[in-house]
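Bear in mind these aren't lab numbers, they're just calculated from the coordinates by the rules spelled out. Predicted model only: the values in this text are computed from it and were never measured. Note: ideal-geometry Cβ built from the backbone for every residue, glycine included; neighbour counts use all protein chains shown.
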Amino acid sequence: MGFITDIESLEWESVRPDVARDVLGKPLLRSEGIKMVLTKILPGGGFETHRDAYGHLLYFLEGSGIVGVGSEEFSIMPGLVVQVMAGEEHFYRNNSGKELTLISANITVKL
């Protein structure tokens, strides 16, 4: 069964404080094999370089910064989509003075 959520009614929660600083999220979907989160990174915040046992799809909505996957780095801009494979080293950071917003999907199933 589907659902409808007013995203404004959800509280911002700290995301992965073990590898992130000043990263907050609102869960959009938690289902078998996939988790989607509306994520905001405060100025100067972001994820350290790390690896996860699951893949990611990152869709950047607003703001700017830098994202790294493996040995490559890219400038973040609205509309940028980044796929990270399970076990691949990655990071992203907000190096601007404004919030960075994205939708992050964590994928634990083979698509």
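In the stretch 1-20, what residues are surrounded by 10 or more Cβ atoms within 10 Å (Cβ to Cβ) and either β-branched (Val, Ile, Thr) or outside any loop (DSSP other than H, G, I, E, B) (or both)?
Of everything in the stretch 1-20, those that are surrounded by 10 or more Cβ atoms within 10 Å (Cβ to Cβ) and either β-branched (Val, Ile, Thr) or outside any loop (DSSP other than H, G, I, E, B) (or both) turn out to be 5, 13, 14, 15, 19, 20.
Within the stretch 1-42, which residues are within 22 Å of residue 75 (Cα to Cα) and in contact with a Ser or Thr (Cβ under 6 Å, 6 or more places away or on another chain)?
Listed by number, the residues that qualify are 25, 37, 39, 40.
Could you run through the stretch 84-110 and say how many residues are more than 14 Å from residue 41 (Cα to Cα), of a type in the set (S, T, N, Q) and within 11 Å of the chain's Cα centre (by Cα)?
Applying the first criterion (more than 14 Å from residue 41 (Cα to Cα)) to the stretch 84-110 yields 84-90, 105-110.
With of a type in the set (S, T, N, Q) added as a condition, the list becomes 106, 108.
Adding the requirement that they be within 11 Å of the chain's Cα centre (by Cα) leaves 106.
The qualifying residues number 1.
In this structure, is residue 16 among the basic types (Lys, Arg) and either farther than 24 Å from residue 110 by Cα or touching a residue at least 12 places away in the same chain (Cβ under 8 Å) (or both)?
yes
Please go through the stretch 84-111 and give me each residue that is among the small types (Gly, Ala, Ser) and part of a loop (DSSP other than H, G, I, E, B), ordered by number.
Here is the first cut: in the stretch 84-111, the residues among the small types (Gly, Ala, Ser) are 86-87, 96-97, 104-105.
Scanning the stretch 84-111 gives 86, 87, 96, 97.
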